[in-house]
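The values are calculated or read from the model by the stated rules, or taken from the named source; none is laboratory data. Note that this is a predicted model, so its numbers are computed, not measured. Quick reminder, even Gly has a Cβ in these numbers, built from the backbone with ideal geometry, and neighbours come from all protein chains shown.
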Amino acid sequence: MKYDNTIKGQFHSRPNRFIAKVWIDGVLETVHVKNTGRCKELLLPDVDVILEISDNPNRKTKYDLIAVYKENLGWVNIDSQAPNKVVKEWLECQKYTYVKSEYTFGESRLDFYMEDMEQKYLMEVKGCTLEIGGIGYFPDAPTERGVKHLRELTKASKQGYICFVTFVIQMEGIAEVRANVDTHKEFGVALEAAREAGVRVLCLGCKVTEDELVVDREYWL
């Protein structure tokens, strides 16, 4: 996926999880943060950030913060909407004969339902932006919704679906994603239970630039 209209700025502060203050061409602007996670290791004073310029004149904020530069790692895309977009592009290049976004299963709405002849598949997508020691971790904040999705995939796997939890690595140089049990132990427990039930864990690495996020490698865990 490619962003049409971007500009560089320098991060100043984050008053709450929805907005940030960013210096753009010498002016301190209020911008929308497209990620409600903590991102504390990324959003540091004066780091370079990339913003997408909105074409909606009625918005309260003109800019969306979509990427952050991290020393020794490069650009990290923090747009929480991006993983599903790049996975949809990737799925359309795979063997599936049918792909549907936002599929209701049980009490959850999972990201993708796919078919290949008689076989049915379900996939839940998670974006990974947290890096520690060269390894990716998810989540960076507790996610009861994420636990619920893993439990639904576990049920579906037992009913004959081939199920995936797919981590989109929104940074380069990372080949593995682990459950961040220090932040949310329950997610790690649910992920392990899902794997034991046959749910497959896929990591999709991405090429990340100032205005682009593209899947370019696959890792099965």
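Would you be able to say whether some residue in region 66-83 is touching a Pro at 6+ places or on another chain (Cβ under 7 Å) and under 16 Å from Gly205 (Cβ atoms)? It would help to see each step written out before you state the result.
Step one: filter region 66-83 for residues touching a Pro at 6+ places or on another chain (Cβ under 7 Å), giving none.
Looking for residues that are touching a Pro at 6+ places or on another chain (Cβ under 7 Å) and under 16 Å from Gly205 (Cβ atoms), one finds none in region 66-83, hence no.
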Query raised in the report: Would region 159-166 turn up any residue that is in a strand (DSSP E or B) and closer than 30 Å to Ile50 by Cα?
Result: yes
Report task. Please work out which one of (1) in a loop (DSSP other than H, G, I, E, B); (2) at pLDDT 95 or above; (3) outside the structural domain of Val165 (by TED's automatic domain parsing) is the condition Asn72 fails and give its number. Result -> (2)
Query raised in the report: With respect to Glu152, is the statement that it is out of contact with any Ser or Thr (no Cβ under 8 Å at 6 or more places or on another chain) and either in a loop (DSSP other than H, G, I, E, B) or not assigned by TED's automatic domain parsing to the domain that holds Lys70 (or both) true?
Result: no
Query raised in the report: If you check Glu212, Glu196, Glu186, which single one turns out to be more than 15 Å from Glu124 (Cα to Cα) and either under 16 Å from the mean Cα position of the chain (by Cα) or buried (at least 20 other Cβ atoms within 10 Å of the Cβ) (or both)?
Result: Glu212
Report summary line: Filtering region 31-80 down to residues that are more than 17 Å from Asp211 (Cβ to Cβ), in contact (Cβ under 8 Å) with a residue 40 or more places away in the chain and aliphatic (A, V, I, L, M) yields Val33, Leu42, Leu73
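Of the residues in region 101-145, how many are of a type in the set (D, E, K, R), surrounded by 13 or more Cβ atoms within 10 Å (Cβ to Cβ) and either part of a loop (DSSP other than H, G, I, E, B) or free of Cβ contacts under 8 Å to residues at least 60 places away in the same chain (or both)?
Going through region 101-145, the residues of a type in the set (D, E, K, R) turn out to be 102, 107, 109, 111, 115-116, 118, 120, 124, 126, 131, 140, 144-145.
Add one more test, that the residue is surrounded by 13 or more Cβ atoms within 10 Å (Cβ to Cβ), and what stays is 109, 111, 115-116, 120, 124, 126, 131, 140.
Going one step further and asking which of them are either part of a loop (DSSP other than H, G, I, E, B) or free of Cβ contacts under 8 Å to residues at least 60 places away in the same chain (or both), we end up with 109, 111, 115-116, 120, 124, 126, 140.
Final tally of qualifying residues: 8.
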Query raised in the report: Right, Arg195: in the same structural domain as Val87 (by TED's automatic domain parsing), of a type in the set (D, E, K, R) and assigned to a strand (DSSP E or B) or not?
Result: no
